[in-house]
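Chemist: Supplied in structure tokens, the structure appears directly below.
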Amino acid sequence: MEIRNIAIIAHVDHGKTTLVDKILHATKVFRDNQETGDLIMDSNELERERGITILSKNASVTFKDVKINVIDTPGHSDFGGEVERVLKMADGVCLLVDAFEGPMPQTRFVLQKALQLNLKPIVIINKVDKENCRPDEVHDAVFELFFNLDATEEQLNFPTFYGSGKNGWFNDSLTPCDDITPLMDGILKYVPGPDVKEGHTQMQITSLDYSTFLGRIAIGKVERGTIKENQNIVLVQADGSIKKNKVKELYVFEGMGKRKVTEVISGDLCAVVGLEEFNIGDTIADPENPEALPIISVDEPTMSMTFSINNSPFFGKEGKFVTSRHIRDRLMKETEKNLALRVEETDSADSFLVYGRGILHLGVLVETMRREGYELTVGNPQVLVKEIDGKKHEPFEILVVDVPSEFSGKVIDLVTQKKGEMLIMESKGTMQHLEFDIPSRGLIGLRSQMLTQTAGEAVMAHRFNEYKPWKGPIPGRSNGVLIAKFGGTTTAYSIDKLQDRGRFFIEPGEEVYAGQVLAEHIKPGDLNINAVEMKKLTNHRASGSDDSVRITPKLQFTLEECMEYIQFDECIEVTPKSVRMRKAMLDENDRNKASKSGNQ
Ligand SMILES: Nc1nc2c(ncn2[C@@H]2O[C@H](COP(=O)(O)OP(=O)(O)OP(=O)(O)O)[C@@H](O)[C@H]2O)c(=O)[nH]1
Ligand SMILES: [Mg+2]
């Protein structure tokens, strides 16, 4: 059977997973009346909640007797490492571009990676159902992007399809049609079949999967020869070492799942069960001829954060896994499959320094651990500075903001405060399109401020560009916080009294501890408050009793919002049930002493 291996790549939200839905339906992976819902491939809990893809995933369909292995990839720049890795399994890519937004920072990144690997691109201008969309302009912009990325003559000759994943059609022109058949035909026509190589077994492990029954599963593309059930093989590892191993079971992808087989031939993707102690990047090879494939390298992390045991007074109350040993093992396990993540031990046995690609990358890890039952403390995210030619350098990113014209002034002011410099300003429909060069530091916390300033209208995206000399101090949070002076149960009485001082993160009746951050102060500077004070008892039942008190609903931050909010002297306590911001030093006297001696 003929094979095509394609990866679906794009900037975040440009419609990759929706397209995969349509491909699965068009090829009748489901029974006609089967209820499947939307975004079927976004199968894990966090993906469903957030409506984004975090992990790339494989599916496989049959169209006109050709087997098409489809790889859905995440579009958020924090998960770029995930895309780089799985592109190794593809022979072609479908590059989706939103017909209104046009190419965005991550479009450039994923296309660049695909072109470097010499994958055949098919461009899909998606969402042409959107009002004010500009498919022709976007097509030109995509061509320019290919050109700027030094695409070869052949790559520049890319085929283009237009359509709407949402409305279920793609055609080779802007004329709407009934379904996605023209695109499917295009995939068969333009994407080459894999290179089928005879010879000794060679397969690189590009992904890792777990199954409670089968254990760790190695996924990749058979590069050369065949791989068989019960075959004795060796693993050639990154450091050159060679380990004897054996294939227990073999699976190929089929629909959304896998099918057990006895043999897989060169060119197809497969899942190997039973290998011991393998890593992503290892080559499965013939014991007689152990030849390694080029190692997989992904871009460097740009941000770090400390992960420590929970040392708040509430330690161990809400989590199952709380010791430094638990946290260490879990982090090490994560590095096996999360290639852009790095973990370092620190001077303290209770703390680890975790490096990632951004707030979301690290935040998703913390959120996942919390759901698995872990308790931990995380510090404020720091960008990675480097010493280059004896000078301090920091990461800079390209920030793209699309915003209704009336807000563009505010956006420029805000970004300039954060040491961003404007590169481009042009109109795009009724919107202004702005591009800045900005230190990554300046991006921390920017999203929420930007949304407040633009009534939620700004659409922003950013992507690492290069290391440049340190830009000097960048103003952090402008407001101070209200800190609990005493532990206990908060009362409506005390919160009511303090409401005009700040916006609370907690509500009456919550257990708090001394040193916990309870509210945002309306002014700069921190204040220690008593939020557990009881109303003085009187003999008379006053008419304005406690329950008639009007408390403004609490401000509920997501974990990532907390990460962007906290300052260097603060941290976040994370447990399966709660996310609490706190001062790193819980004791008020300690904090006073530290701030006096200036070494907080
Ligand atoms: N108007 C319109 N909306 C679409 C179309 N295709 C997808 N969408 C919507 O765009 C949003 C994002 O779609 P997804 O398919 O999740 O995008 P994605 O590229 O997989 O996103 P990430 O995996 O997070 O990068 C969803 O709300 C879709 O319903 C389309 O053709 N037209
Ligand atoms: Mg997706």
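The values are calculated or read from the model by the stated rules, or taken from the named source; none is laboratory data. The structure displayed is predicted, hence computed values, not measured ones. Quick reminder, even Gly has a Cβ in these numbers, built from the backbone with ideal geometry, and neighbours come from all protein chains shown. The protein model used for the area step is the full one, side chains on, heavy atoms only, and it has no ligands, DNA or RNA in it. Shrake-Rupley method; radii C 1.70, N 1.55, O 1.52, S 1.80 Å.
Chemist: Extension gain Thr452-Thr430, at 0.36 nm per residue separation less the Cα-Cα distance, in nm?
Modeler: Result for the pair: 5.9 nm of gain on full extension.
Chemist: Quick one: length gained pulling Arg50 to Glu276 fully straight, 0.36 nm per residue minus the C-alpha distance? Provide the component values of the computation, followed by the final result.
Modeler: On the way: separation 226, 0.36 × 226 = 81.36 nm, distance 3.43 nm.
Using 0.36 nm per residue and subtracting the Cα-Cα distance, I get 77.9 nm.
Chemist: Which percent of the accessible area of segment 21-122 is formed by carbon and sulfur heavy atoms (probe 1.4 angstrom)? Provide the component values of the computation, followed by the final result.
Modeler: On the way: 1580 of 3620 Å².
Carbon and sulfur: 44 percent of the exposed surface of segment 21-122.
Chemist: To continue, here is another question. At a Förster distance of 41 Å, what's the computed FRET efficiency of Lys64 paired with Thr558, Cβ-Cβ distance as r, to 0.05?
Modeler: 0.35
Chemist: Of Ile572, Pro553, Ser312, which is farthest towards the positive pole of the chain's charge dipole, taken about the Cα centre with +1 and -1 on the beta-carbons of Lys, Arg and Asp, Glu respectively?
Modeler: Ser312
Chemist: Using only DSSP helix segments of four residues or longer, with each worth -39500 (n - 2.57), what per-residue ellipticity at 222 nm results for the chain after dividing by its residue count and rounding to 500? Working shown, then result.
Modeler: Numbers: 15 runs with 137 residues, N = 600.
It comes out at -6500 deg cm²/dmol, rounded to the nearest 500.
Chemist: To the nearest 20 debye, what is the magnitude of the charge dipole of the chain about its Cα centre, counting +1 on the Cβ of each Lys and Arg and -1 on the Cβ of each Asp and Glu?
Modeler: Computed charge dipole of the chain: roughly 1640 debye.
Chemist: Among the GluC sites (Glu not before Pro) in segment 125-204, which ones are in a DSSP loop with at most 11 other Cβ atoms within 10 Å of the Cβ? Mind listing them?
Modeler: The qualifying sites are Glu131, Glu198.
Chemist: Take Asn592 and Arg501, extend 7 Å from each Cα along the Cα→Cβ direction, and tell me the distance between the two endpoints in nm.
Modeler: Roughly 1.5 nm, to one decimal.
Chemist: Ranked by accessible surface with a 1.4 Å probe, highest first, in what order do Phe213, Phe147 come? If you can, show how the numbers build up before the last one.
Modeler: Details: Phe213 190, Phe147 130 Å².
The most accessible residue leads, giving Phe213, Phe147.
Chemist: Moving on to the next point. I'd like the FRET efficiency for Asn167 and Tyr513, computed as 1/(1 + (r/R0)^6) with the beta carbon distance as r and R0 of 56 Å, rounded to 0.05.
Modeler: Numbers: r = 53 Å, r/R0 = 0.95.
In this case the efficiency is close to 0.55.
Chemist: Taking H placed 1.01 Å from N in the peptide plane, check which residues at least 5 places from Ile233 or on another chain put their amide H under 5 Å from its amide H.
Modeler: Asn245, Lys246, Val247
Chemist: I've got another one for you. To the nearest 10 square angstrom, how much accessible area does Val400 have with a 1.4 angstrom probe?
Modeler: Here the residue's solvent-accessible area equals roughly 10 Å².
Chemist: Quick one: ranking Ile398, Ile566 by accessible area, 1.4 Å probe, largest first, what do you get?
Modeler: Largest to smallest exposure gives the sequence Ile398, Ile566.
Chemist: With a cut-off of 8 Å between alpha carbons and a minimum separation of six or more residues, what is the relative contact order of the chain in percent? Kindly include the intermediate steps, with their values, before the conclusion.
Modeler: Numbers: 1316 pairs, mean separation 59.1, N = 600.
It rounds to 10 percent for the chain.
Chemist: Over the chain, what per residue volume does the convex hull of the Cα atoms give, in whole Å³? Could you put the intermediate results ahead of the total?
Modeler: On the way: hull volume 118.4 nm³, N = 600.
Output value, Cα hull per residue: 197 Å³.
Chemist: Treat every Asp and Glu Cβ in segment 1-113 as -1 and every Lys and Arg Cβ as +1, leave all other atoms uncharged, and give the resulting dipole magnitude about the Cα centre to the nearest 20 debye. List each step's numbers first, then the result.
Modeler: Numbers: 14 positive and 18 negative charges, 90 e Å.
Value, rounded to 20: 440 debye.
Chemist: Just tell me the longest site-free run in the chain, where the sites are trypsin sites (Lys or Arg not before Pro) in a DSSP loop having at most 13 other beta-carbon atoms within 10 Å.
Modeler: Longest stretch, sites excluded: 65-319.
Chemist: Please state the relative contact order of segment 183-254 as a whole percent: Cα pairs under 8 Å, 6+ residues apart?
Modeler: It comes to 23 percent, rounded to a whole number.
Chemist: Kindly flag which residue pairs out of Lys248/Lys333; Lys244/Lys386; Lys418/Lys596; Lys386/Lys485; Lys386/Lys583 have an alpha-carbon separation exceeding 31 Å in this structure.
Modeler: In this structure, Lys244/Lys386; Lys386/Lys485 exceed 31 Å between Cα atoms.
Chemist: Rounded, prolate or oblate: which fits segment 61-214 when a ≥ b ≥ c are the square roots of the eigenvalues of the alpha-carbon gyration tensor, with rounded for a/c under 1.5 and prolate only if a/b beats b/c?
Modeler: prolate
Chemist: With a Förster radius of 30 Å, plug the Cβ-Cβ distance of Asp178 and Ser43 into 1/(1 + (r/R0)^6) and report the FRET value to the nearest 0.05.
Modeler: Approximately 0.55, to the nearest 0.05.
Chemist: Among the listed pairs Lys22/Lys113; Lys57/Lys166; Lys127/Lys189; Lys113/Lys260; Lys317/Lys337, give every one whose C-alpha distance is greater than 27 Å.
Modeler: On the way: Lys22/Lys113 25 Å; Lys57/Lys166 20 Å; Lys127/Lys189 23 Å; Lys113/Lys260 32 Å; Lys317/Lys337 30 Å.
Going by Cα-Cα distance, Lys113/Lys260; Lys317/Lys337 fall outside the 27 Å limit.
Chemist: Still on this structure, please answer the following. Remind me, relative contact order of segment 190-344 in percent, using alpha carbon pairs under 8 angstrom and six or more residues apart?
Modeler: 23 percent
Chemist: In nm, to one decimal, how far is the Ala141 label point from the His393 one, both placed 7 Å along Cα→Cβ?
Modeler: That separation, rounded to one decimal, is 3.0 nm.
Chemist: Also, I was wondering about something else. Once the piece of chain linking Thr368 and Lys333 is laid out straight, how much longer is it, given 0.36 nm per residue of separation minus the C-alpha distance between them? Walk me through the intermediate numbers first.
Modeler: Values: separation 35, 0.36 × 35 = 12.60 nm, distance 1.29 nm.
So the extension gain works out to 11.3 nm.
Chemist: Compute the long axis of helix 324-337 from its Cα atoms, compare it with the longest principal axis of the Cα atoms of the chain, and write down the angle in degrees, 0 to 90, nearest 10.
Modeler: Result, in degrees: 30.
Chemist: Here is a further query. Using the heavy atoms of the protein chains and a 1.4 angstrom probe, tell me the accessible area per residue for the chain in square angstrom.
Modeler: Per residue, the chain has an accessible area of 46 Å².
Chemist: Keeping every protein chain in place, order His361, His139 by accessible area at 1.4 Å, biggest value first, i.e. largest first. Intermediate results must be reported in sequence, preceding the final value.
Modeler: Details: His361 5, His139 45 Å².
The most accessible residue leads, giving His139, His361.
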